[in-house]
1. Among the residues of segment 144-167, count how many are surrounded by fewer than 17 Cβ atoms within 10 Å (Cβ to Cβ) and either more than 21 Å from residue 71 (Cα to Cα) or of a type in the set (Ser, Thr, Tyr) (or both).
2. Could you please let me know if residue 194 is basic (Lys, Arg) and within 19 Å of residue 410 (Cα to Cα)?
3. If only one of 50, 76, 44, 17 is in a strand (DSSP E or B) and free of Cβ contacts under 8 Å to residues at least 60 places away in the same chain, which one is it?
4. Out of everything in segment 366-381 that is in contact (Cβ under 8 Å) with a residue 24 or more places away in the chain and part of a loop (DSSP other than H, G, I, E, B), what residue ends up being farthest from the ligand (Cβ to nearest atom)?
5. Which condition does residue 20 not pass, out of (1) surrounded by 14 or more Cβ atoms within 10 Å (Cβ to Cβ); (2) within 20 Å of residue 110 (Cβ to Cβ); (3) not β-branched (Val, Ile, Thr), if it passes all the others?
6. Please go through segment 106-138 and pick out each residue that is modelled with pLDDT of 90 or more, within 23 Å of residue 94 (Cβ to Cβ) and among the β-branched types (Val, Ile, Thr).
7. Within segment 292-304, is even one residue in contact with a Phe, Trp or Tyr (Cβ under 6 Å, 6 or more places away or on another chain) and buried (at least 18 other Cβ atoms within 10 Å of the Cβ)?
Amino acid sequence: MSKLDQKHFEYRRNKLFKNMEDNSVLILGGEVEKARNNDVNFEFRQDSVFWYLSGLEEPDALMVMLKKDSEQYILFLQEKKIEEEVWTGYKIGTDKAKSFYLADHSYNNHETDKFMDLLFSCERIYYNLGSSKKIDDLIFQGLEKFQRTKSRSGTPNPMIIDPSILIDRLRLIKTKEEINLMQKAIDITAEGFRKAIENTSEGLYEYEIQEIMEKEFRMQGAKRNGYPSIVASGKNACILHYVSNDKKLENNDLILIDAGSEWDYYSADITRTWPVNGRFSSEQKDIYQLVLEANSKAIEECKVGNTINEPHMKALTTMVEGLIDLKVLNESVEEIIEQRLYFPFYMHSTSHWLGLDVHDAGNYKDLEDNFTKLEAGMVLTIEPGLYFGDMAQNITKNYKNIGIRIEDDILIDRSGPINLSKDIPKEITKLEK
Ligand SMILES: [Mn+2]
């Protein structure tokens, strides 16, 4: 159950109602159970959009938001059956759902005929076609039926419109309440990182460090991670989404952890890199200093009025200049950026939105190809990195297999950037301690 008051979910729905056209209806499916094998399912997590608008955690739910004459919020839920609850746990049931989740009506989820006529009485149906086989089928069945009466009534088919733009825009700007939840996820993650850093030593396996960190997440009350933890030592740090986490830590390796706990569905997303033996080698230091400088300078660019591309360009330019100083690259800054000569060392971008999803909803460009402007309430990551993996060829210095990323979570605020993860050490002196 969410720590947010149900009124907060209602507030979100009301904002969405405002952005919907008159004489329209929105239909949204929740997450369904996914089989792992036989009668065992994967761990259930509600779909983020469904959660954002309902706060309801049960599988196989549907919601309908009708804007016609009046505004109505209608929930369709799994039927409450005592004999099934013995196996799968309690369900709220239609009666209680109405008062608890502030729905105008609620039905069992097999009573879909209750909304078919309702859908096709509107000019617009907001639905993300292809998002749910079950709803797709319902819509097509409804359309088929509608065709048969069309010739008499002359009414055209309802328009089917993807509601993502409306909803993503809401999710992109976080409220004060959401920021508090995100800060909590980040603070818990910080405790986990502290434990991981303190307990790093040669001979342990990556998954043991993972366990030490994630145990702390659980002990602090976060029951899940926002995404699978990346615990990568040595050369593995050059694999961006490495999740095998099964190598033994070696004395001269760096270890890179990219992880985030989830708190009330909000995810943190932090990366730190530190030396297994407690001391950076001079080559590791060269690269680390450079990534750290890119991280700090990019954070300064996270201000209202800049676009999301400005922090990226700042991080990129900083690292390119550094790579020239270190004689890894020989061309001019302009040439390197234009011809993407940096790509073997820096192949990802610097930021993504953060929220309910680790790569959260929200566009990075508009339809005219302009980068999104940063506004107060947006949360994004700043995560420059440099990698000397298999793509890095002909490197004269001993940078081979070094992979370093430093990632913070930044809130855009009118007063300037707020680094929500500033308490997690990233300076060389602090990490060596
Ligand atoms: Mn990230």
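1. 14
2. Details: basic (Lys, Arg): yes; within 19 Å of residue 410 (Cα to Cα): no.
No: the conditions fail for residue 194.
3. Details: 50 fails: in a strand (DSSP E or B); 44 fails: in a strand (DSSP E or B); 17 fails: in a strand (DSSP E or B).
Testing whether each residue is in a strand (DSSP E or B) and free of Cβ contacts under 8 Å to residues at least 60 places away in the same chain leaves just 76.
4. 370
5. (2)
6. Across segment 106-138, the qualifying residue is only 135.
7. Narrowing segment 292-304 to residues in contact with a Phe, Trp or Tyr (Cβ under 6 Å, 6 or more places away or on another chain): none.
No; the residues of segment 292-304 include none that is in contact with a Phe, Trp or Tyr (Cβ under 6 Å, 6 or more places away or on another chain) and buried (at least 18 other Cβ atoms within 10 Å of the Cβ).
Residues checked against (1) under 21 Å from the mean Cα position of the chain (by Cα); (2) closer than 26 Å to residue 372 by Cβ; (3) more than 14 Å from the ligand (Cβ to nearest atom):
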{"site": "269", "(1), (2), (3)": "yes, yes, no"}
{"site": "279", "(1), (2), (3)": "no, no, yes"}
{"site": "286", "(1), (2), (3)": "no, no, yes"}
{"site": "297", "(1), (2), (3)": "no, yes, yes"}
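The values are calculated or read from the model by the stated rules, or taken from the named source; none is laboratory data. Here the structure is a predicted model, which is why all the values come from computation and not from measurement. Cβ: placed from backbone, ideal geometry, glycine included. Neighbour counts: every protein chain shown.
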